Amino acid sequence: EGKISLGGVPKTKDEANYYLKFSHQAGPGAKPGWVADIKFAPGGGLTRIHGFYLKPQVTIDAGQGTIDTARTNDLITGGMGLTRIFRIQESAIEAVRITPGVKFETNRKLNKQNLLYDQEFQIHVAGLYNPRKVRSRRMYLADKSKYSGYTETIADYGYGLQLFEGGEVGNSLVERSVKASKGTVTVNVPQYTVARFRTRAHVFLEWQRITLDATVTGRFLGVDENVTRETVDGKSVRLAQVSGWRPYGEASLSIGLDKSGHIALSSTYKLGSQPPNFIKADTVQTGLLLRY
């Protein structure tokens, strides 16, 4: 008695095992294009090794068509990790989730290829994570006589703040030649070391089928990374180095189209630069979102 199977809709891409978003995109001075934002993490949390759960994962945040002029993200990763929650008694920090892993990082044209060790810590602070499903469970257990049965819609609203700290270290695999997308100019990109440190915060607010959320990432590049930069017409390309702070943020509005909330209409504004080429994104993407 008192045990409830939540089976809730994941509120973030981090929480989802399957996340598919296909969007129309537009940006300043750009023609419209299409983008796919996908996460595929089969069997997450099912296989256990010495207290850690196996966490395979593939993510894609890239597009086609006019993606270069639209200045959007161009990131593909695939890897294997482990994850485990360590609970802390009688503390403002209730628990820390530790997630070490190894991943391969590339882009749509496969001209960036990095092999990285990724380490992340999620810090669970008391009172900061209260999505609708959690508030609904608390309300139901507090007074079962008020409700005919448990549902995740007992609570009208939910909210939360999630905090993450982490880093990536590794190396590019080979020296590569990169060709301009619309010209014959090529440039050699030497191998380089990767040493990135990041802090990330995610905040969300739910009201019935509407969810507002925002994610801000501060990423610091401890060493120079070799990247390429094209001219506006795409006929020339040059070698460049990036280092220091590379911030990135997303703000989204989603409206559930079905009662379960697994299917939603979503609009996201993306601003900042992401690995592996760290081209500044400045774009709005609107499309259909499926999450499980």
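Some points to look at:
- Here the condition is being under 28 Å from Lys179 (Cβ atoms), among the acidic types (Asp, Glu) and touching a residue at least 24 places away in the same chain (Cβ under 8 Å); of Glu250, Glu230, it holds for Glu230 alone.
- Residues of the range 84-108 satisfying the condition of being within 23 Å of Asp37 (Cα to Cα), in a strand (DSSP E or B) and modelled with pLDDT under 95: none
- Among the residues of the range 80-99, those identified as of a type in the set (Gly, Ala, Ser) and open to solvent by less than 30 Å² (accessible area, probe 1.4 Å) are Gly81, Ala95.
- Subset of the range 38-63 (residues that are in a strand (DSSP E or B) and either open to solvent by 30 Å² or more (accessible area, probe 1.4 Å) or among the aromatic types (Phe, Trp, Tyr) (or both)): Ile38, Phe40, Arg48, Ile49, Phe52, Tyr53, Leu54, Lys55, Gln57, Val58, Ile60
- Complete set of residues in the range 156-191 that are open to solvent by 20 Å² or more (accessible area, probe 1.4 Å) and among the aromatic types (Phe, Trp, Tyr): Tyr157, Tyr159
- If you go through the range 126-137 and pick out every residue that is in contact with a strand residue (DSSP E or B) (Cβ under 6 Å, 6 or more places away or on another chain), surrounded by fewer than 18 Cβ atoms within 10 Å (Cβ to Cβ) and part of a loop (DSSP other than H, G, I, E, B), you end up with 2.
- When the range 244-257 is limited to residues that are more than 19 Å from Asn73 (Cβ to Cβ) and open to solvent by less than 40 Å² (accessible area, probe 1.4 Å), the one that is modelled with the lowest pLDDT turns out to be Gly256.
- Residues being surrounded by fewer than 21 Cβ atoms within 10 Å (Cβ to Cβ) and either touching a helix residue (DSSP H, G or I) at 6+ places or on another chain (Cβ under 6 Å) or part of a loop (DSSP other than H, G, I, E, B) (or both) - total across the range 260-273: 2
- Among residues that are in contact (Cβ under 8 Å) with a residue 24 or more places away in the chain, more than 17 Å from the chain's Cα centre (by Cα) and surrounded by 14 or more Cβ atoms within 10 Å (Cβ to Cβ), Val216 is not included.
- Qualifying residue in the range 275-286 (condition: in contact with a Phe, Trp or Tyr (Cβ under 7 Å, 6 or more places away or on another chain) and either surrounded by fewer than 20 Cβ atoms within 10 Å (Cβ to Cβ) or on the phi > 0 side of the Ramachandran plot (or both)): yes
- Hits in the range 243-274 - residues which are of a type in the set (Phe, Trp, Tyr) and farther than 14 Å from Ser23 by Cβ: Trp245, Tyr248
- Count of the range 173-213 residues which are in contact (Cβ under 8 Å) with a residue 12 or more places away in the chain, more than 19 Å from Glu105 (Cβ to Cβ), in a loop (DSSP other than H, G, I, E, B) and not charged (D, E, K, R): 5
- Among all positions in the range 138-145, there is no residue which is open to solvent by less than 60 Å² (accessible area, probe 1.4 Å), within 31 Å of the chain's Cα centre (by Cα) and of a type outside the set (S, T, N, Q).
- For beta carbons closer than 7 Å, sequence separation of 6+ or different chains, a first residue in the range 100-125 that is closer than 14 Å to Tyr192 by Cα and open to solvent by 50 Å² or more (accessible area, probe 1.4 Å) and a second that is of a type in the set (A, V, I, L, M, F, W, C) and in a loop (DSSP other than H, G, I, E, B), the qualifying pairs are Leu115/Leu173.
The values are calculated or read from the model by the stated rules, or taken from the named source; none is laboratory data. All figures in this text were calculated on a predicted structure; none of them were measured in a lab. Counting neighbours? That spans all protein chains shown, and the Cβs are built from the backbone with ideal geometry, glycine included. Side chains are part of the model used for accessible areas, which takes the heavy atoms of the whole protein and leaves out ligands, DNA and RNA. Shrake-Rupley method; radii C 1.70, N 1.55, O 1.52, S 1.80 Å.
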